[in-house]
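Participant: Please read through the structure below; I'll follow up with questions.
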């Protein structure tokens, strides 16, 4: 730090706020978009990992983009969302290692989203398992062909307490597939258990 920087920090009225609010923070209050207060926030390790689509399919989720929720009026429970590829796992590792996360945000898990249909290479799976050791929970979602043609405003949401869909159900306008609902239900029960604990 130079003398000029030190003088700025000591005298400029916004200097403390600038230090306290990293650019990776979101200060507005999050909403779920489903007339429910959000129970948990989805934070993208990078762009295009699926936070918006997942928040649309899980009624208690808020899409926080790539920013950590810093508004105390919003949920403080966060799940990092990352692509299950070498670059995507790098993104997750970098966010967990390098980001300054606002207090009292709790990053309790990672959701791995598929970069393509088919099997994930073993090297990627091993790397993801290693990075996943930095959080308490990890979930892996499968590739969903129907999402390729789906528009977000046509996606129906899963609500906690509703029955899980039939394994063969593929109509996204009626509700998310079983795999998405199952992960959503597990996240809700995880947050509920942490909150009570």
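Taken together, the values in this text are just the output of simple stated rules run on the coordinates, not laboratory data. Nothing here was measured: the structure is a model prediction, and the numbers come from that model. Note that we place each Cβ from the backbone using ideal geometry, even for glycine, and neighbour counts take in every protein chain shown.
Participant: Only one of 131, 107, 89 is in contact with a helix residue (DSSP H, G or I) (Cβ under 8 Å, 6 or more places away or on another chain), buried (at least 20 other Cβ atoms within 10 Å of the Cβ) and closer than 20 Å to residue 31 by Cα. Can you tell me which?
Facilitator: 107
Participant: Here are some conditions: (1) surrounded by 15 or more Cβ atoms within 10 Å (Cβ to Cβ); (2) out of contact with any helix residue (DSSP H, G or I) (no Cβ under 6 Å at 6 or more places or on another chain); (3) closer than 24 Å to residue 77 by Cα. Residue 176 meets all but one. Which one does it not meet?
Facilitator: The number of the failed condition is (2).
Participant: For residues in region 98-124 being touching a residue at least 12 places away in the same chain (Cβ under 8 Å) and assigned to a helix (DSSP H, G or I), which is farthest from residue 40 (Cα to Cα)?
Facilitator: Result: 123.
Participant: What's the total number of residues in region 182-191 that are surrounded by 13 or more Cβ atoms within 10 Å (Cβ to Cβ) and without any contact (Cβ under 8 Å) to a residue 60 or more places away in the chain?
Facilitator: Matching residues across region 182-191 total 3.
Participant: Same structure, new question: Considering only region 162-180, state which residues are touching a residue at least 24 places away in the same chain (Cβ under 8 Å) and assigned to a helix (DSSP H, G or I).
Facilitator: Across region 162-180, the qualifying residues are 179, 180.
Participant: Only one of (1) buried (at least 16 other Cβ atoms within 10 Å of the Cβ); (2) under 20 Å from residue 39 (Cα atoms) fails for residue 144. Which number is that?
Facilitator: (2)
Participant: Moving on to the next point. Can you tell me which residue is surrounded by the fewest Cβ atoms within 10 Å (Cβ to Cβ) among those in region 147-159 that are out of contact with any strand residue (DSSP E or B) (no Cβ under 8 Å at 6 or more places or on another chain) and not in a loop (DSSP other than H, G, I, E, B)?
Facilitator: Result: 153.
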